[in-house]
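Nothing in this text is a laboratory measurement; each read-out follows from the coordinates by a stated rule. Computed from a prediction, not measured in an experiment: that's the story for all the values here. Cβ atoms come from the backbone with ideal geometry, glycine included; neighbour counts cover every protein chain shown.
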Amino acid sequence: MSGALQDPIIEIAYIVAVTLFILSLKWLSSPATARRGVQAGEVGMLIAILATLLYRGIVSYEWIIIGLVVGSLIGIPLGLVQMTAVPQRTALSHAFGAFATALVGTAEFYLRTPSISAFVMSALAIEIILGSLTFTASLMAAGKLQEVLPQRPITYKGQNIVNLGILALAILIAIYLVNFPGATWLFPLLIIIPMIFGVLLIVPIGGADMPTVISLLNSYAGLSAAAMGFVLKSKLLIVAGALDGSSGFILSVIMSRAMNRSFTNVLFGAFGQVQESAAKAAEGTVRSATPEEAAGILEAANSVMIVPGYGMAVAQAQHKVREFYDALTKRGIDVKFAIHPVAGRMPGHMNVLLAEADVPYDRLIEMDDANSDFPQVDVALVIGANDVTNPAARHDKNSPIYGMPILEVDKARTVMVIKRGMSPGFAGIENELYYLDKTLMIFGDAKSVVGALVRELSGGHDH
Amino acid sequence: MTSEMLSNIYVLVLAAFLGFEVIKRVSPLLHTPLMSLTNALDAIAVVGAIVIVGERKSTLATVLGTLAVIAATSNVVGGFLITDRMLRMFKTSPRTGGPK
């Protein structure tokens, strides 16, 4: 298809599109300019697509138009999903992106075989392997997030050897095809084996690892597109793929750092294995409080730090939390939200949910800032977060989460935890936070407890 | 290795570094929109699919290409749409800076 590159008008349009893509990401750096960034991306995309339609090698438009129309019809509902469904929607879109590159790669292979240079065949193999594995892995991730598939990690003995063996087999096939690109009989295996690998890769992944895994799949989808750029000799694709690839990579690094784990550990060392060595159960008594009692303490506070976690998303409590924020702010209490990088199921998950509920974003603060604030905070209120608040991460060398950066809620004067019951968190670890003298447990569903707190706080003084 | 391949590798390396520098600056606040935006941009793969479909070189290529156009277009439309919806929700406190 390098024909597309020989038309200067198309080339210039592509350069404009690439420039707009880069500006788009640059403008995303702050909420003030972010929407302009989306518009730049949209214009760039439109220019690139329209320019491509001018390509003289196109002999018929009917299937192109059908594809564009059907794709748009599928895309619109995917763009209108509930904010709580954003993690699974994101995983699904990684699957679609990877599906597209794998299909284009397959079509290119059958069009060009057997005369494919070693360089192009290598790029094609990378495109197909990454595309196929990202396709099935993302579908699996979406299934787990949507709870169609069990969320808990499934592990078995020798899992890593099986997985690595399958990946090695795919690479061997790729090497064979680079040397003998006419081996069409072998090509379907280059698609199927990575697809199997993609499924097996996600089987041992649990909910708490999803932020890292989604980021990594984002990166793979980008790299697959960049490899496609080498096959099609399109710098536009190479740049867009590289941008997506580096974005996903940076996010994966941030996520795995926030869990104090390496990539390999996330992918090949499911939490299931560390669970066995789980630290001794924390001991002590648990003090519980009713919403009435909690509201009394909150009324007397000057500053409150709310720590939201996945439990808030599950209970869909973000709108109640916003009412709670309003009730406290109205009383002159300073309220902030401490956001752990891996709170929720994808990077930035909590921020989006709270923004949806109209919580001003300047009230959402990052982990480091929150940790310097906690010692001055009167009440830290934990809503549906668990492992990211466990003080054992700081001092208990036997704890599986030892070394993980946490939100130091235990440094606040009073800690309140809204929780369904005493069941341990995802990592299967007891949270010693719950046994501190300063901690009050408020048992119940996040949404109804926060609702009860709001009622208490607004009932306290009648207009 | 032709000079075109080499120049494409240069482009890859430069774009990856540029991506690093630009994306490093994105506030953690916006990491979810970042992911949906890069996903939409990545769907630029649609241009490769359009060419394959339009060239009509074989039935297989046309079928696979059309499916690829559908998948990529749905990412373009859905990705930009949801990114914009998310960003519209991010509002600052009514009073500038908010209570201190």
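Cα gyration tensor of chain B, axes a ≥ b ≥ c as square roots of the eigenvalues: rounded (a/c below 1.5), prolate (a/b > b/c) or oblate?
It comes out oblate by the Cα gyration axes.
Using only Cα atoms, tell me the angle between helix A:210-232 and the longest principal axis of chain A; keep it within 0 to 90° and round to the nearest 10.
Helix A:210-232 sits roughly 20 degrees off the main axis of chain A.
Take the residue pairs A:LYS233/B:LYS57; A:LYS320/A:LYS419; A:LYS144/A:LYS320 and return only those whose Cα atoms are more than 21 Å apart.
A:LYS144/A:LYS320
Can you list the residues, at least 5 places off or on another chain, whose amide H is less than 5 Å from the amide H of A:VAL335, using H built in the peptide plane?
Excluding prolines and chain starts, which carry no amide H, the hits are A:VAL304.
Normalized C-alpha radius of gyration of the protein assembly as shown, against 2.2 N^0.38 Å?
After normalising by residue count via 2.2 N^0.38 Å, the value is 1.03.
From the helices alone, meaning DSSP H stretches of at least four residues, give me the mean residue ellipticity at 222 nm for chain A, per-run term -39500 (n - 2.57), in deg cm²/dmol to the nearest 500.
About -19000 deg cm²/dmol.
Express in nm, to one decimal, how much length is gained between A:ILE154 and A:ALA168 on full extension, taking 0.36 nm for each residue of separation and deducting their alpha carbon distance.
2.8 nm
Determine the principal axes of the Cα atoms in region A:84-150, then give the extent along each, sorted from largest to smallest and rounded to whole angstroms.
So the extents along the principal axes, rounded to whole Å, are 48, 16, 15.
Take the alpha carbon gyration tensor of region A:311-380, find the square roots of its eigenvalues, order them as a ≥ b ≥ c, and report rounded if a/c is under 1.5; if not, report prolate when a/b exceeds b/c, else oblate.
oblate
Can you give the average number of partner chain beta-carbon atoms within 10 Å of each beta-carbon in peptide A:79-88, as a whole number? Spell out each step's value before the answer.
Values: counts 14, 4, 4, 0, 5, 0, 0, 7, 2, 0.
Mean shielding by partner chains, rounded to a whole number: 4.
Given Cα pairs under 8 Å that are at least 6 residues apart, what percent is the relative contact order of chain A?
Relative contact order here is 14 percent.
What shape does region A:81-273 take by its C-alpha gyration tensor, where a ≥ b ≥ c are the square roots of the eigenvalues and a/c under 1.5 counts as rounded, a/b above b/c as prolate, and the rest as oblate?
prolate
Looking at chain A, send over the antiparallel percent of its DSSP beta bridges, to the nearest 5.
0
Using only the Cα atoms of region A:364-463, what semi-axes does the equivalent ellipsoid have when each is the square root of 5 times a gyration tensor eigenvalue? Give whole Å, largest first.
Working: eigenvalues 134, 55, 24 Å².
Taking √(5λ) for each Cα gyration eigenvalue gives 26, 17, 11 Å.
Cross-link list A:LYS336/B:LYS24; A:LYS336/A:LYS447; A:LYS26/A:LYS411; B:LYS24/B:LYS91; A:LYS330/B:LYS91: which exceed 27 angstrom alpha carbon to alpha carbon? Write down the numbers at each step before the final one.
Values: A:LYS336/B:LYS24 25 Å; A:LYS336/A:LYS447 19 Å; A:LYS26/A:LYS411 37 Å; B:LYS24/B:LYS91 22 Å; A:LYS330/B:LYS91 19 Å.
From the list (A:LYS336/B:LYS24; A:LYS336/A:LYS447; A:LYS26/A:LYS411; B:LYS24/B:LYS91; A:LYS330/B:LYS91), the Cα-Cα distance tops 27 Å for A:LYS26/A:LYS411.
Tell me the angle of helix A:62-79 to the major Cα principal axis of chain A, expressed in degrees between 0 and 90 and rounded to the nearest ten.
Roughly 10 degrees between the two axes.
Would you mind telling me which residue in B:PHE80, B:PHE20, B:PHE90 has the biggest mean-square fluctuation in a Gaussian network model of chain B, where springs connect alpha carbons within a distance under 10 angstrom?
Looking only at B:PHE80, B:PHE20, B:PHE90, the largest GNM fluctuation is found for B:PHE20.
Ranking A:ARG455, B:ARG25 by Cβ neighbours within 10 Å, fewest first, what do you get?
Final ranking by Cβ density, sparse to dense: B:ARG25, A:ARG455.
Would you please give the residues with an amide H less than 5 Å from that of A:VAL382, counting only those at least 5 places away or on a separate chain, with H modeled from the backbone geometry?
A:VAL307, A:MET416, A:VAL417, A:ILE418
Specify the angular offset, from 0 to 90 degrees and rounded to the nearest 10, of the alpha carbon long axis of helix A:118-145 from the longest principal axis of the alpha carbons in chain A.
Orientation of helix A:118-145: about 30 degrees from the principal axis.
Using a 10 Å cut-off around each Cβ of peptide A:228-238, what is the average number of partner chain Cβ atoms that fall inside?
Neighbouring Cβ atoms belonging to other protein chains average 6 per residue here.
Mind telling me which of B:ALA68, B:ALA49, B:ALA15 comes out most flexible in a GNM of chain B, alpha-carbon contacts under 10 Å?
Answer for the Gaussian network model of chain B: B:ALA15.
I'd like the Kirkwood hydrodynamic radius of region A:291-459, using the inverse of the mean 1/r over distinct C-alpha pairs, in Å.
15.6
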